[in-house]
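Chemist: Before I ask anything, let me first share the structure, which is written out below as structure tokens.
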Amino acid sequence: MSQTVVKPGTRTKPKTAKPPLWKVILLNDDFTPREFVVLVLKAVFRMDASHAYKVMMTAHQKGSCVIAVYTRDVAETKAKEATELGRSKGYPLYFTTEKE
Ligand code: TYC
């Protein structure tokens, strides 16, 4: 007689496990103009005007705002690019990344 024996606790992790995601976080400051923050969010993170405005206001009022999640490389590249846009205008605008 044939029998199927299922051993408990031996299931392996699927090989297609998703890569870990990294958050991009926008930090508030007292100097960068609101319109400039919105412009950067639209340009670098492809947000529409109303979403960009909401994200900017959340950072403005709460101090920071998680704006998107990407793979590590994309998150770091976009955060650097967006921070650099502010710096090129002399603003202290800052985007950072954190593992989810
Ligand atoms: N606090 C800025 C101002 O009052 C605007 C601002 C909002 C700057 C969000 C950065 O992440 C930021 N001009």
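Chemist: Do you know the Lys pair count in the chain for C-alpha distances under 18 Å, with sequence separation 8 or more or different chains?
Modeler: Lysine pair count for the chain: 16.
Chemist: Roughly what angle does helix 34-45 make with the longest principal axis of the chain, taking Cα atoms, 0 to 90 degrees, to the nearest 10?
Modeler: Rounded to the nearest ten degrees, it is 40.
Chemist: A further question follows. How much length would be gained if the chain were fully extended between residue 34 and residue 51, taking 0.36 nm per residue of separation minus their Cα-Cα distance, in nm to one decimal?
Modeler: Full extension of this stretch gives 4.8 nm more.
Chemist: I need to check one value: relative contact order of the chain, counting alpha carbon pairs closer than 8 Å and at least 6 residues apart, in percent.
Modeler: 42 percent
Chemist: What is the mean projected area of the alpha carbon convex hull for the range 30-99, to one decimal in square nanometres?
Modeler: Approximately 4.3 nm², given one-decimal rounding.
Chemist: Would you mind checking the range 17-47 for residues with the amide N under 16 Å from a putative spin-label position 7 Å along Cα→C-beta of residue 87?
Modeler: Within reach of a label on residue 87: 27.
Chemist: Right, next: Simple spin-label model, 7 Å along Cα-to-Cβ: residue 98 to residue 76 in nm?
Modeler: It works out to 1.8 nm between the two label points.
Chemist: Once both labels are modelled 7 Å past Cα along the beta-carbon direction, what's the residue 27-residue 15 spacing in nm?
Modeler: 4.2 nm
Chemist: Can you tell me the 0 to 90 degree angle between the C-alpha axis of helix 72-88 and the longest principal axis of the chain, rounded to 10?
Modeler: Helix 72-88 sits at roughly 0 degrees to that axis.
Chemist: Hey, another quick one. Per DSSP H run of at least 4 residues, take -39500 (n - 2.57); add these up for the chain, divide by its residues and hand me the 222 nm value, nearest 500 deg cm²/dmol.
Modeler: Roughly -14000 deg cm²/dmol at 222 nm, from the helical runs in the chain.
Where a number appears in this text, it was derived from the coordinates with a stated rule and is not lab data. This one's a predicted model, so the numbers in the text were calculated from it and none came from an experiment. With ideal geometry, Cβ positions are generated from the backbone for all residues, glycine too; neighbour counts draw on all protein chains shown.
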